[in-house]
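Here the structure is laid out as structure tokens; the discussion comes afterwards.
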Amino acid sequence: MRSVVAVTDRVVETPSTVTLRFPYPASADPGQFVMVWIPGDDEIPMSLSYTDGPVKGVTIKAMGGTSRRVQSIHEGAPVGIRGPYGNRFDLSPRRILIVSGGSGAAVLAPAAERARTAGSSVTVALGATRAPELLFKERFRSMGASVEVATDDGSEGTKGFVTAVAERLLESEAFDAVWTCGPEVMMKKVIVAASPWSVPVFCSMERHMKCALGMCDACALGPYHVCVDGPVFPAARLEKVPDFGVFHRDSSGRRVPF
Amino acid sequence: MADLAVRVAGVSLRNPFLLASGVWGESGESLAGAWRAGAGGVVTKSIGSVPRPGYPNPTIETYERWGLLNAMGLPNPGIEEYPREIEVARKAGATVIGSVFAGDADEFARLARRMASTGVVALELNLSCPHAEGFGTEVGGTPEDVEKIVRAVTKVVSVPVIAKITPNTNDAAALALAAQRGGAAAVSAINTLRAIAIDVRLRRPVLSHGVGGLSGPAIKPVGLACVWQIFNKVSIPIIGIGGIATAQDALEYVMAGARALEVGTQVTFEGIGVFGRLARELSGLLDELGFARLDEAIGIAHRASSMPPD
């Protein structure tokens, strides 16, 4: 089920995020994720931050024990990979607004690249706590996306939340779709911001995962499972999820508030 | 069209296909989803006294579509939190069977009382869990333990109690008989087979817990043999579990002695639509073979002439 491969590159993207590249030829599309096994430690879901070609990539923000340990994996170390799993971003919209918070750029950047290759226009509202944490800012710029930055501390761009930048962009420009990834509370605000403009919003969602096959229910999200029905969910589906932006579940399945 | 409605241990089921414990059973909405997809009833995730995160990943390995190895480690939110999930499922109209596990007979009895008060129509006792004292063997591994646990539970609840029998024994029928003596209304057989997978490049077991349980089509002949032997020994009804993927598999279990069935692994391979498909196909198969009702076929293979004693 798993391919054991050696990490070929370790790139420090920001003080809190690291990209690992590894050979994995299976075809993958932006939005999809793999399960990454650190032998002797854990196996966790990671969205693919590099989906094209025989060498894939994942970009990890240090959040807790396992993600911190994943970050310290050195080049040459073996990891077990299975997947890709999940669904993909629909690349047909021609004018896309991307709203990225936390480490959301990890899943949004490859999606933006595919959209740009298809000739769509991409505008990115990129948010972080402070300037050094702006993930993939240069990557977005080099693909010809228009990037507007927001930082909590004002060290770059607009001082404040990225959702405020998104609201301003939605007021001034027409978009066919909004793609967003970041803290769930932020994504819920993005949906609210987009609704007066009747633009469909797609959220890349996250939940604890164990099997990633649609069996164990760890990633249950209302009537859906993030591993097989997502991770990309249109806002219309999230309306059927009373817990969206309010509760998630811990590894025992208990509901915990955000 | 053949009638698929069955009655097991006093519980009426619209069809014989129950969602097995451990699949889609941690949240009430998923249980409701399985019900809406056509399951005849749903068995919850096995619930314990306290929340358990389960084992670290990897917890699963698959073998094409013939096998699934898991060592989840009984993750569950605990009996205090879980009733709200059962309520969501019941509101959706689901027939819910509550699965519980514990380390000893007293804990089983306490948990069973709590679970029975949530409105489930029956309890299923997961006897394939480790001893409280950490023996490493299954808590329902001997007839003495099974009878003791089942008796302790049936003493304190009035809903039907189903004892889920482990195949990791050389005498599953003796375990089932012990459950019957303890007052079980039915037995379900089988749980998963003890199994392990090893990664030869990493030179280590694949699952973080090492040994796990094998399920899926590969174990069907083993499940059938257990049901066959149990049918020869007990008078209480049997629910057949293990590798059911087609209507023919289901009918094999019924002819071996099962009155109803549980489906778990096939949901993983096919999705929740498996229940609708199995019900349709079983109806067709019964028609084809000349049965007006499913229960006409129960145990019928035992009546074949010149069967050796077993």
For chain B, convex hull of alpha carbons as volume per residue, Å³: 125 Å³
From phi via Karplus (6.51, -1.76, 1.60), per-residue ³J(HN,Hα) for region A:153-165 in Hz, x at Gly/Pro: 9, x, 5, 7, x, 5, 7, x, 7, 5, 5, 5, 4
Column: log10 I(q)/I(0), Debye, Cα scatterers of region A:88-197, q = 0.13, 0.17 Å⁻¹: -0.40, -0.70
Unpaired by the 4.7 Å Cβ criterion, cysteines found in chain A: A:CYS181, A:CYS203, A:CYS219, A:CYS227
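From the cross-link list A:LYS240/B:LYS220; B:LYS91/B:LYS155; A:LYS137/A:LYS189, which pairs have alpha carbons spaced over 31 Å apart?
Long pairs (Cα-Cα over 31 Å): A:LYS240/B:LYS220.
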Under 5 Å, built H, 5+ apart or other chain: amide partners of A:SER49: A:GLY57, A:VAL58, A:THR59
Segment B:SER12-B:ASP287, extension gain: residue separation times 0.36 nm, minus the distance between their alpha carbons: 96.8 nm
Hz values of 3J(HN,Hα) by residue in region A:76-90 - Karplus curve (6.51, -1.76, 1.60), Gly and Pro given as x: x, 5, x, 10, x, 10, 9, x, x, 10, x, 9, 10, 5, 6
Radius of gyration, Dmax [the protein assembly as shown; alpha carbons; angstrom]: 25.7, 87
Crossing angle, helix A:105-117 versus chain A [Cα axis fit, 0-90 degrees, rounded to tens]: 70 degrees
Rounded tilt (10° steps) of A:184-194 against the dominant C-alpha axis of chain A: 30 degrees
Sites B:ARG113 and B:THR137 - FRET efficiency at Förster radius 22 Å, r taken between beta-carbons, to 0.05: 0.25
Chain A: translational diffusion in µm²/s, Stokes-Einstein, Kirkwood Rh over Cα pairs, 4 °C, 1.567 mPa s: 71 µm²/s
Projected label distance in nm at A:ALA164 and A:LYS240, using a 7 Å step from Cα toward the beta-carbon: 3.7 nm
Hz values of 3J(HN,Hα) by residue in region A:23-40 - Karplus curve (6.51, -1.76, 1.60), Gly and Pro given as x: x, 7, x, 3, 5, 9, 10, x, x, 6, 9, 10, 9, 10, 9, 8, x, x
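All of the numbers you see were taken from the coordinates with simple rules; none came from a lab. These numbers come from a predicted model, not from an experiment. Note: ideal-geometry Cβ built from the backbone for every residue, glycine included; neighbour counts use all protein chains shown.
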